[in-house]
Each structure stands twice: as structure tokens, then as C-alpha cells.
Amino acid sequence: MKMGDKVLVTGAAGFIGAAVSAQLAVKGYDVVGIDNINHYYDPRLKLARLKHNGISLGTATIKELISPETAHSLEPVVYETFAPLIEVKSKIFDSLRFIRMDITDRENLPRLFEREAFDYVVNLAAQAGVRYSITNPWDYIDSNIVGFLSVLECCRHFPVKHLVYASSSSVYGMNSKAPFSEDDQVGKPVSLYATTKKSNEAMAYAYGKLYGIKSTGLRYFTVYGPWGRPDMAPMLFAEAISHGKPIKVFNHGDLMRDFTFIDDIVTGTIMTLEHLPVGDDNGVAASVYNIGCGHPVKLMDFIGEIEHYLGREATKDYLPMQAGDVYMTNADTSKLQQEIGYQPKVQLHEGIGMFIDWFKTYNKE
């Protein structure tokens, strides 16, 4: 890759997508970000991430971006938003633009690819959340299967040099072998979310074989840090503890997670994008890597770090294991280290400190 190469980032208002977009712009790439800004969680956080990246979007009420079922419960405060398909340039990064667009838009996404002639694509748009997939399965098929197919079709008809896309550690399902290796079997997913991510890897391989698309899937392990998703444990715990409310501790606290700080994830994602995969024995250049910290921690230790930085002890509501959850995630990142040079640097104590510093600032705004 070279300065000025054009990169499409989907899911650019998301946790990882917003951070990757900003860092790509810092490195001198010409970045176009898209996101549908759906209401899976409060769109105000997505809009705040965009604003943090210099994307100013006009004025309207938040009600235009959320479901009618919950609109009545919000104060009619004016927030920044914008109409679909309107391009907005960043006021911070000269080389960053943003368009509100859904990857399932089979009319406008190909037009965008044709117009922009992207060199690279980072597909981070997806319906996230393991537990949410239990009650809202169609959202995962629409976004993670149909949407990913739309991206692959665009890469087919408007060729790019490299497609990097988000997979997930959830593909390992009930795998009891630790740490998880890319060579392990992933044939027993325990959630529809995991199934869609496993399908993405198979789809990318097929398109690599059929049409020569070079792709890399990144199996992200639990990501945390500033601007994180409100449905994930760090934000849920911090919100509840700071307001004196009980936190839900599943499997009675007997869980382990490979928590990975957002800065390490962004660095690894961009390093991967800049490294073209090579063909396998079938001539297919479709790689898959674990990307995590490689040092899983006990859930109770994670909670303890949040309690430490907030200066408050949590009231804990101990619950059984949730459907679709797994006991442990543990990334073997040796393949990514050897082939790409990835080396996570942020330890949990430092990372939680930075997260809580941001959390306190964000909640004052």
C-alpha cells in the first residue's frame, strides 16, 4: 500500500470501524467510510464517534435514527444526523469522507464502488452480539450474510487489491482446546452470530477461488476501550457500578475472556490490510487470523480492575451461563505475529485505566 491509496471502511461509525478509519486517514490513505447507523444500540454513541473523527452532519432529532417503539421515551434534544447517501467530509482529516449507506443496498453500493475505484476494502459492518442473535436472527442473515455477499459482489465486479473483513472468536464455539488456533475445527458454533461469521470465511474463500479476490478474515477476540459498544461487558459494568446498580455476572463469574485493547486491534487490522495474502495449495489467497491479546483473564479480575478505577465495589447478581456463550476465549496469535508482525502492547490494567478515563469524560458531555 502507498499514501493516497483509496480504502473503503464499512461500519465506520462502529467501535472498531471509527478507530480504523481515523488511523488510516492519519497514515495518509484516502478513506471513505460508510455506515447505516442502525438502532441496535443508542445511535448517539455512533454519532459521537463520527463527530470525534470530524464528521459534522447537520441537525435533526435523534428520533429519526431510532425505532418507533422507543422514540417516545427520548427527550426531543437536537442531535447531529444527516440524510442517507449524503457525503460529508471530515473537519479533522482531509482524506476522510463519510456516507450513510447500508452494505445491503444493492443499488447504491455498486455505484459507490464504480465511482470511487477502491484499492482496498475493510468490511467491519455487521450485526454484532451473540445474545441478540438468539432473539433477532433475521438481522444477522440480512447484514452478515446478504450484506457480506453484497460486498463480495462489488469486489468481484470492481476489483480491489485486498479485502479485510471482521470474523470473530465466536466461530470456535465449544472448542475446549486452548489457546484457540486457526487450525482448530470450527464446525460446532453455538450461536447464529458465530454461524454467520463462519459462513463469511467460507464465502470469502469461494470468491477467492472463483474470482481471484484476495481476502483476509480477522477473528477478533473481545475488544474493549474508549468508544466501546454499550452492549458489551466493559460499558455495562462501568455504567452499572458508577450508578450503584447491580451487574449481571454470568456463569457465576466462572468465565475467562481474551480482552484486547482497541489500539492493538486497530494496529493489527491495518498491518493485515497492508500485507497481501498469498495463495494456498489451491491457489486461493484467502487468509484467516486470530487477533487478540493472547492472555485471557478471569471475568472477576476484569470486574476488579473496573471497580479499582471507579473507586466503587460492584453489587453482583450471579447468574447461570447464557445461551450462546462460551466458557473461555483464548487467542493463539502466533500466526499473525510471524506472518504480519503483530504484537499487542496494552496490558489489561493500563487498558482499563484508559477506558475508565474516557468513560468519565464521555458521561459528562
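Taking every pair of alpha-carbon atoms in the stretch 222-330, give the share separated by more than 25 Å as a whole percent.
Within the stretch 222-330, distances greater than 25 Å cover 34 percent of Cα pairs.
In deg cm²/dmol, rounded to 500, what helix-only [θ] at 222 nm does the chain give when every DSSP H run of at least 4 residues adds -39500 (n - 2.57) and the total is split over its residues?
Helix-only estimate at 222 nm: -10500 deg cm²/dmol.
Over all distinct alpha-carbon pairs, what is the Kirkwood Rh of the stretch 104-191 in angstrom?
For the stretch 104-191, the Kirkwood estimate is 14.8 Å.
So what are the three principal axis dimensions of the chain from its Cα atoms, in whole Å, longest to shortest?
54, 51, 36
Under the rule of at least 5 residues apart or a separate chain, name every residue whose amide H is placed under 5 Å from the amide H of Val223.
For Val223, whose amide H was placed from the backbone, the distant partners under 5 Å are Thr260.
With charges set only on the Cβ (+1 for Lys and Arg, -1 for Asp and Glu), what does the dipole of the stretch 216-365 come to about its Cα centre, in debye to the nearest 20?
Around 380 debye, computed over the stretch 216-365.
Please work out the FRET efficiency for the pair Glu350 and Asn108, using the Cβ-Cβ distance as r and a Förster radius of 35 Å; give the result to the nearest 0.05.
In this case the efficiency is close to 0.25.
Can you classify the stretch 294-342 as rounded, prolate or oblate using the Cα gyration tensor, where a ≥ b ≥ c are the square roots of its eigenvalues, rounded means a/c under 1.5, and otherwise it's prolate if a/b beats b/c and oblate if not?
oblate
Take Met300, project a point 7 Å from its Cα along the Cβ direction, then tell me which residues of the stretch 218-242 have their backbone nitrogen under 15 Å from it.
Answer for this model: none.
Between Lys161 and Asp183, how high is the FRET efficiency from 1/(1 + (r/R0)^6) when r is the Cβ-Cβ distance and R₀ = 25 Å? Nearest 0.05.
Calculated value: 0.40.
If the limit is 28 Å between Cα atoms, which of Lys46/Lys209; Lys2/Lys214; Lys177/Lys335; Lys245/Lys360 go over it?
Too far apart for the 28 Å limit: Lys46/Lys209.
What shape does the stretch 313-363 have by the C-alpha gyration tensor, where a ≥ b ≥ c are the square roots of the eigenvalues, rounded means a/c under 1.5, and otherwise prolate means a/b greater than b/c and oblate the rest?
oblate
Between the stretch 325-341 and the stretch 2-40, what is the C-alpha centre distance in whole Å?
Here the two parts' Cα centres lie 24 Å apart.
I need Asp281, Asp102, Asp94 ordered by Cβ neighbour count within 10 Å, fewest first.
With the sparsest Cβ surroundings first, the list reads Asp281, Asp94, Asp102.
Throughout, read-outs are computed from the coordinates displayed, never taken from laboratory work. Given the structure is predicted, the values throughout are model-derived calculations rather than measurements. Here the Cβ is made from the backbone with ideal geometry for all residues, glycine too, and neighbour counts use every protein chain on show.
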